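Participant: One structure is given below, represented as structure tokens, and several questions about it will come after.
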Amino acid sequence: MIFECSCGFRPFLHNLQPVQWTTKVRNKGPKDIMAVEDMNGEVRFSTHLPYPNNLSRTLLDPLESLLQLMLRWDPVQRGGALHHESRQPQCFSVLEEILSMKVVHILNMASTQVHSFLLSPDEGLHSLQQRIEAETGIQHLHQELLQETGRLCRLPAQARPPSRLGRSVPQAENIEPDGTLTSAPSAYDTKDCPNVFAPLQF
């Protein structure tokens, strides 16, 4: 189900019925999570998810690691080794780590590209803006961060740096635990600033 939601089709020879592909897939490697047939009918295996898929770059590696544990052919090894205390397979701890990840998706309105960032527990907006600058080349003083509702994010008044427009640049005080940014109570005219980012909830 995780593979299908990520890619839109079954992981192993999705064009065949299960009774047809089981004999062809049983000899796959322990980390293989996908199998397709080439033009000559030869089965090709992969340890990675196909592209394009429905995942951000931030979630790609963790979910591949999870699938490598859950799609092992040997039922004894499937799911990974048992935890010595919980006696649960390793895949449950990996899944818990994925579900606890805080990811913010930011749409660059100039390039229409979505940038995804994994947030640490003590991540502040200034740190996030520096990461945005490193990835997009847009200086943090020239960034405008908007929520889906169109509201701006801002820092406390005493912490706001002067902008190139001669006004304070609204920033977010912090990032909420659910990965969203603190919203400003009032609207802000952004028609003069081309570097507008719209944070999207994960």
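Just so it is clear, none of the values below were taken in a lab; they were calculated from the coordinates. For clarity, every value in this text was computed on a predicted model and none was experimentally measured. So basically every Cβ, Gly included, is an ideal-geometry build from the backbone, and we count neighbours across all protein chains shown.
Participant: Return a whole-number percent for the relative contact order of the stretch 46-139, with Cα pairs under 8 Å and 6 or more residues apart as the contact set.
Facilitator: Values: 73 pairs, mean separation 17.0, N = 94.
Relative contact order here is 18 percent.
Participant: Restricting to Cα pairs below 8 Å that are 6+ residues apart, what does the relative contact order work out to for the stretch 2-99? Please round to a whole percent. Don't skip to the end; give the middle numbers.
Facilitator: Values: 115 pairs, mean separation 21.4, N = 98.
The normalised contact order for the stretch 2-99 reaches 22 percent.
Participant: Right, another one. Calculated FRET efficiency, S46 and H83, Cβ-Cβ r, R0 22 Å, to nearest 0.05? Intermediate values should be presented prior to the final figure.
Facilitator: Values: r = 28 Å, r/R0 = 1.29.
Plugging the Cβ-Cβ distance into 1/(1 + (r/R0)^6) gives 0.20.
Participant: Through the Karplus equation 6.51 cos²θ - 1.76 cosθ + 1.60, θ set to phi - 60°, convert the phi angles of the stretch 75-84 into ³J(HN,Hα) values in whole Hz; use x for Gly and Pro.
Facilitator: x, 6, 8, 4, x, x, 5, 6, 5, 5
Participant: Under the rule of at least 5 residues apart or a separate chain, name every residue whose amide H is placed under 5 Å from the amide H of L16.
Facilitator: Answer set, sorted by chain and number: none.
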